[in-house]
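The values are calculated or read from the model by the stated rules, or taken from the named source; none is laboratory data. Just so it is clear, the model here is predicted, and its values are computed rather than measured. With ideal geometry, Cβ positions are generated from the backbone for all residues, glycine too; neighbour counts draw on all protein chains shown.
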Protein chains: 2
Amino acid sequence: MKKLINDVGAVVDDMIDGLIRSVDGLSRIEGERVIVRRDLEAVRSAGQVALVSGGGSGHEPAHAGYVGAGMLTAAVCGDVFTSPSTDAVLAAIRAVGGPAGVLLIVKSYTGDRLNFGLAAEIARSEGIPVEMVVVADDVSLATGTSNAGRRGIAGTVLVHKVAGAAAAAGLPLDRVAALARRVGDGVGSMGVGLTACTVPAAGRPSFSLADDEIEFGLGIHGEAGVRRDRMQPVGALVSTVAERIFEDRGLLAGDRAVLLVNNLGATPAMEMAIVAGEAARAAEARGLCVERMWTGAFLTALDMAGFSLSALAVDDELLGYLDAPTTASAWPT
Amino acid sequence: MKKLINDVGAVVDDMIDGLIRSVDGLSRIEGERVIVRRDLEAVRSAGQVALVSGGGSGHEPAHAGYVGAGMLTAAVCGDVFTSPSTDAVLAAIRAVGGPAGVLLIVKSYTGDRLNFGLAAEIARSEGIPVEMVVVADDVSLATGTSNAGRRGIAGTVLVHKVAGAAAAAGLPLDRVAALARRVGDGVGSMGVGLTACTVPAAGRPSFSLADDEIEFGLGIHGEAGVRRDRMQPVGALVSTVAERIFEDRGLLAGDRAVLLVNNLGATPAMEMAIVAGEAARAAEARGLCVERMWTGAFLTALDMAGFSLSALAVDDELLGYLDAPTTASAWPT
C-alpha cells in the first residue's frame, strides 16, 4: 500500500483538516467529525431548512465538499467506509437545526439508516423538526423499478443539489423533503471498476482483478460487483451501463435527462473526458435530450479506478434547482 | 494496461469530443485539435488580447480545461506527450488573432518552444501581433535562481489565470505578456510520484517503482524523477518539496504567497485533501502568509499517482487577477 497519508488512524482527521484549510467558508464542530457552513447563523436567521448528509469517509469529495450555500449545511464524516455514530449525526443536527427544521439525506446502507434514523428520532424528541430521505440509486443490484435493497451511490449528489437549492429558495421542510425524494426515486446509477480499492487500515485491496478483468455494478466500499467481465472498449462499457440505467429508470426517447459522470477515485482526467463523450453518445442513441452533463469526481471509493454513471429525468423545475448557484467546492460551476 | 479508452490511436480525439460535450462554451476548430471559446467573436470585438496555450495531451484538464472567459482563448492539443505541430498552433493563432494580438503561453520543452515559436514567427509575418512566454517552473532540475534548462509544469496554470484576467480586463499585449512573464518567473513547482504513468500507445509504465519507493522531482511525461527515495509519511514528503520550492524561489517569512496543490492524475480525493493540509502547514512553518490555496487536478501526467506543489509570491495586483471570475471549467471557483 502506497498512500499519501501520515498514519492509517489519522486519515479522516487529516482529510478534514486539509479540506478546511483548502476551502473557504467551512468550519469543523469542535470535537466532532462534522463540517458545517461557517455562515451557519445566516441559514438560521433566514429561516431556511438545514440539510445534513454524511456517511463513511473515503468517498471524497462526498459529502463535505458539498457543504456550502445552496447545498448542504453540514456533513458528518465517519471512519473510512464506516457509518458515523448516532452521536455525531445528532451533534450535526443540533448545530444546524432551527425552527425551519432539518432534512437528513442518507445513502441506503444499514449503518447509515440506523444511525441517522436514531439521531432523527432523538432530535425530534428535543423539538427539532427532522425529515429523512434515503437514497438507493444503484440499479445494478435488483431488477424492476423497486429500489428496495439497493445501495446509495453517486446519484445522491443530485439529491444534495436539488434539495439544497430548494432550501436556499426558502421552501418549507415538507416540500424540500418531497423534492429530495423525487430526485432520489428518479435517479439511477451504476458503476464499473477497473481495480479494487485499498482501505488504509486494511493495507491491501479488497479483491483482485486481472489485467483484462473489470467489475460491473460494484459498490463504493470495495465490495466486488455483481458481474465480472473482460475489459472492453470504453464505448461498450458505457453503453452497457447506460442502457441498464435507462431501462431501469424508464427513460425513453424524447425524455429530458441530466447525466452525472463520476470518477470512482483514481481515473485520470483524460479517461473521464472520454467516458463523458461515450455517455453523451449512449444517451443520444436512446433518444434522450441531455439537458446537462457533469463530469468529475463526485462520490468516490478511495483509490478505485473506474467510473459510475447516473441519469435523472428532469423537468423545468428540477433543472432550475440543478442550475441554481452554490458555493459548495465540489459542485462544478 | 487497463484504460477507459476505445483505441490507443483515438484517445486525443475522443478526449476532445468528450470535453466539448461536457463543457458548455467550447468549440473545436474544424479539422484541427484546437479548442476555442465558442464566443470567440466577443473577444475580438471587445479588442481583447487572445491567449493560446497547449502542448502534448495527457495533462488534462490542461490546457483545454482552461479555455473560457478570463483564461485561455484557445488550447492546442498534441498527441499524448507530443508537441502539437506548427500548423496546429498557427491555426489557433489565426482563429483567435485580432488587432489586439495573441499571447502564447508555452511550457518549456524543446518541441513546444520550437513549434509555438515558429508559428509565432509566421503569424507575425502575416501581421498578427504575437508575444510568447515560456514557463519553466520545475525547481527540481537545477539549483540557483535561474530557470535555464527547467521544465514547465503545473505552475503554468497560474500564468494562464493571471494573463487571462489581465486580457479580459482589456490590458494591451505588452502588459499582458509582462504579467505572464512575472508569474512564470515567480512560480516554483515540484512533484512527487508514487507510480509511473502509462502512455496508451506504449501500453506499459515508463518506469517501475517498488511498493516502498517514490520519485522526487519527476516530470509530467513519464520520465523518472531526479531522486528515488523510500516512501515516507505525507507530511515529510510535502515538507521536503515545499522547502525546496520556497528556498529556490526566495520565499521568506512574512511573504504573501498562493499555493497550487496538484493531483498528478490518479491520486484519490481523500489523499489530495491530506496533501493540501500538509502544504498549508509547511507554508506556515516557513512563516508565509498563504493568501489562497487551490487543490485538485490542474496539470496531470495521465495515470500517475502523486502530487505537485506550486508556490507563487503575490501582491494585491496578482491576487486581483487570480481572484477575477472565469468561466474555464477546470479553474476552481
Filter segment B:301-316 for residues that are over 23 Å from B:S239 (Cβ atoms) and in contact (Cβ under 8 Å) with a residue 24 or more places away in the chain; the one that is surrounded by the most Cβ atoms within 10 Å (Cβ to Cβ) is B:L302
With B:D229, B:D303, B:D255 as the choices, which residue is of a type in the set (D, E) and more than 14 Å from chain A (Cβ to nearest Cβ)?
B:D255
Could you list, in sequence order, the residues of segment A:256-274 that are assigned to a helix (DSSP H, G or I) and within 19 Å of the chain's Cα centre (by Cα)?
A:M272
Give all pairs with beta carbons closer than 6 Å in which a residue from segment A:202-221 that is more than 24 Å from A:S108 (Cα to Cα) meets a residue that is among the acidic types (D, E); count only pairs at least 6 apart in sequence or on separate chains.
A:I214/A:D229
For A:A253, are the conditions met, namely being within 14 Å of the chain's Cα centre (by Cα) and in a loop (DSSP other than H, G, I, E, B)?
no
For B:M270, work out the one condition from (1) more than 23 Å from B:M71 (Cβ to Cβ); (2) buried (at least 24 other Cβ atoms within 10 Å of the Cβ); (3) modelled with pLDDT under 95 it doesn't fulfil.
(3)
Assuming A:I105 fulfils every condition listed in (1) without any contact (Cβ under 8 Å) to a residue 40 or more places away in the chain; (2) closer than 24 Å to A:D185 by Cα; (3) buried (at least 22 other Cβ atoms within 10 Å of the Cβ) apart from one, which condition is it?
(1)
Can you tell which of B:F298, B:F246 is within 14 Å of another protein chain (Cβ to nearest Cβ), aromatic (F, W, Y) and crowded, with 23+ Cβ neighbours inside 10 Å?
B:F298
Considering only residues of segment A:257-266 that are in contact (Cβ under 8 Å) with a residue 60 or more places away in the chain and in contact with a strand residue (DSSP E or B) (Cβ under 6 Å, 6 or more places away or on another chain), which is surrounded by the fewest Cβ atoms within 10 Å (Cβ to Cβ)?
A:V258
If you check B:F216, B:F207, which single one turns out to be of a type in the set (A, V, I, L, M, F, W, C), closer than 26 Å to B:V8 by Cβ and surrounded by fewer than 21 Cβ atoms within 10 Å (Cβ to Cβ)?
B:F207
Modelled with pLDDT of 95 or more, closer than 16 Å to B:M190 by Cβ and more than 8 Å from chain A (Cβ to nearest Cβ) - does that describe any residue in segment B:273-281?
yes
Out of B:E291, B:E271, sole residue that is out of contact with any Ser or Thr (no Cβ under 7 Å at 6 or more places or on another chain), among the charged types (D, E, K, R) and within 21 Å of B:D212 (Cα to Cα):
B:E271
Inside segment B:1-46, can you point out the residues that are crowded, with 20+ Cβ neighbours inside 10 Å, within 14 Å of chain A (Cβ to nearest Cβ) and of a type in the set (A, V, I, L, M)?
B:L4, B:I5, B:V11, B:V12, B:M15, B:I16, B:L19, B:I20, B:V23, B:L26, B:I35
Please tell me if B:A91 is away from chain A (no Cβ under 14 Å), in a helix (DSSP H, G or I) and modelled with pLDDT of 95 or more.
yes
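Looking at B:E291, B:E284, B:E278, B:E243, can you tell me which residue is without any contact (Cβ under 8 Å) to a residue 40 or more places away in the chain and part of a helix (DSSP H, G or I)?
Numbers: B:E291 fails: part of a helix (DSSP H, G or I); B:E278 fails: without any contact (Cβ under 8 Å) to a residue 40 or more places away in the chain; B:E243 fails: without any contact (Cβ under 8 Å) to a residue 40 or more places away in the chain.
Selected residue: B:E284, the only one of B:E291, B:E284, B:E278, B:E243 that is without any contact (Cβ under 8 Å) to a residue 40 or more places away in the chain and part of a helix (DSSP H, G or I).
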Go through (1) surrounded by 15 or more Cβ atoms within 10 Å (Cβ to Cβ); (2) closer than 26 Å to B:G186 by Cβ and name the single condition B:Q232 misses.
(2)
So A:A276 passes all but one of these: (1) in contact with a Cys (Cβ under 7 Å, 6 or more places away or on another chain); (2) crowded, with 23+ Cβ neighbours inside 10 Å. Which condition number does it fail?
(1)
Part of a loop (DSSP other than H, G, I, E, B), touching a Ser or Thr at 6+ places or on another chain (Cβ under 6 Å) and closer than 28 Å to B:V261 by Cβ: is that true of A:G70 in this structure?
yes
Take A:G306 and tell me if it is of a type outside the set (D, E), more than 23 Å from A:I220 (Cα to Cα) and modelled with pLDDT of 95 or more.
no
